[in-house]
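Below you'll find the structure, written out as structure tokens, and then a few comments.
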Amino acid sequence: MIAAAIPRGSLRAPAQKRWLAAVASHPDVATWRADRTSSWLAVAREVALCADWTWGTTRPTWDHLAERTGRSRRTVARVLAWLRQTGLLGLVATGRSAGAAAMALDEGADAAVYVLAVPHALRLLTTIPSPAAADIAGDQEDTAAPPAPMGVHEAGTPSPEGVSEGDPRAGARAKPTPPPTSRPLSPWPRTQRPATKPEMAAAAATARTLCPPLRCTTGPWVVALLREFWLAGWTLRDTLRALDERPDGTPWPHTADIRHVPGWVRSRLAAWRTDAGTPQRSPSQTSAAAQHHTRALARARAERRQLEQTHRASAPAAAAGAAAARAALRAARTNGRTDEDGQR
């Protein structure tokens, strides 16, 4: 029963640290405000603290989560809904049937039972998305809005069915909105730096076309992994080169299959960071600086040669002028002596 509740493309979380790391590294978290990140991750941590890692299940009630984190029941509901939508939490049994399921806590038969899950490294290998498709929906989310609303059982378990109009709780929840439609993205030029969200989405789609390992993840994941380098002035070609080469130009070894694409990307980009953790100057920036320096030296040499040529060309005329001046001076002195002798 627990295995059937694990979301598709995920596997049961082996430990609390692994599950919390998967929650904190989800691409959605990078788009949230700091207050929302702190609030939602606090609820997620309490969910993990209530887990029985023998079974990988957790059974906290809404009241328990709200009391321990100091958040409202509405916030707790949104966090649980988001965890389920992202495949980080699976529903084993609702609050009304939890008594027959594996339990992590013993707080009564009305609490729902969940299984904690983490994304599988090969979750998308069987259905690799088209690289040209727009995985841009994740880049257009409203950071202040909750995940798509879901109905809630009385025991506090999010359920797929919507809240009925007659439900008094309906006014406290946003109405369902249709998912954003995707549109084809044109290939992003490799030598240009993406700066805006649409540009980064297009660059991510092109990166997944050119780098096969990136096809095992989604466009928003690629944006989340490469965004810091793009904001630092890196082009698409720079980031792809960093995944293939070390900063000294030697290629990265390929000795085994990639088990976790995000970790693989972070590991290779770590070599291109400074001691302070910021991205180094990109290969294109380094090349541009070297070319600028070379052009400056060439201009300086050309100006020096021109000055020397001008000096050499003017040297004979200067010598002739000096000789004429000396002759005139001698003539003036000779004439002066002649006048003196005549007066005597």
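The values are calculated or read from the model by the stated rules, or taken from the named source; none is laboratory data. Please read these numbers as outputs of a predicted model, since none were measured by experiment. Note that we place each Cβ from the backbone using ideal geometry, even for glycine, and neighbour counts take in every protein chain shown. Only protein heavy atoms, including side chains, enter the accessible area calculation; ligands, DNA and RNA are left aside. Shrake-Rupley method; radii C 1.70, N 1.55, O 1.52, S 1.80 Å.
Tabulated values for the structure
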| quantity | calculated |
| --- | --- |
| Any pair with Cβ under 6 angstrom, 6 or more apart, that starts in region 215-231 at a residue that is over 15 Å from Ala202 (Cα atoms) and in contact (Cβ under 8 Å) with a residue 40 or more places away in the chain and ends at one that is of a type in the set (S, T, N, Q) and open to solvent by less than 50 Å² (accessible area, probe 1.4 Å) | Phe229/Thr239 |
| Those residues of region 278-301 which are surrounded by 12 or more Cβ atoms within 10 Å (Cβ to Cβ) and of a type in the set (A, V, I, L, M), in sequence order | Ala288 |
| Selected residue (only one of Arg266, Arg337, Arg301 is part of a helix (DSSP H, G or I) and modelled with pLDDT under 85) | Arg337 |
| Residue check, Leu307 at pLDDT 85 or above, over 30 Å from Asp244 (Cα atoms) and either open to solvent by 60 Å² or more (accessible area, probe 1.4 Å) or touching a Pro at 6+ places or on another chain (Cβ under 6 Å) (or both) | no |
| Residue ID - farthest from Ala288 (Cα to Cα), chosen from residues in region 201-235 that are of a type outside the set (Ser, Thr, Tyr) and part of a loop (DSSP other than H, G, I, E, B) | Cys211 |
| Check on Arg36, in contact (Cβ under 8 Å) with a residue 12 or more places away in the chain, under 21 Å from His120 (Cβ atoms) and charged (D, E, K, R) | no |
| Arg330, sole failed condition from (1) in a helix (DSSP H, G or I); (2) modelled with pLDDT of 85 or more; (3) among the basic types (Lys, Arg) | (2) |
| Of all residues in region 218-277 being β-branched (Val, Ile, Thr) and over 24 Å from Val23 (Cα atoms), the one that is surrounded by the fewest Cβ atoms within 10 Å (Cβ to Cβ) | Thr255 |
| Flag if Gly87 is free of Cβ contacts under 8 Å to residues at least 60 places away in the same chain, on the phi > 0 side of the Ramachandran plot and surrounded by fewer than 23 Cβ atoms within 10 Å (Cβ to Cβ) | no |
| Residue ID - least open to solvent (accessible area, probe 1.4 Å), chosen from residues in region 42-53 that are over 14 Å from Val118 (Cβ atoms) and in a helix (DSSP H, G or I) | Val43 |
| Out of Ala102, Ala112, sole residue that is of a type in the set (Gly, Ala, Ser), closer than 20 Å to Trp40 by Cβ and at pLDDT below 90 | Ala112 |
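Residue-wise test of (1) among the basic types (Lys, Arg); (2) touching a residue at least 40 places away in the same chain (Cβ under 8 Å); (3) assigned to a loop (DSSP other than H, G, I, E, B); (4) open to solvent by 70 Å² or more (accessible area, probe 1.4 Å).
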site	(1), (2), (3), (4)
Pro7	no, yes, yes, no
Leu11	no, yes, no, no
Leu20	no, no, no, no
Val29	no, no, no, no
Trp40	no, yes, no, no
Trp55	no, yes, yes, yes
Pro60	no, yes, yes, no
Leu65	no, no, no, no
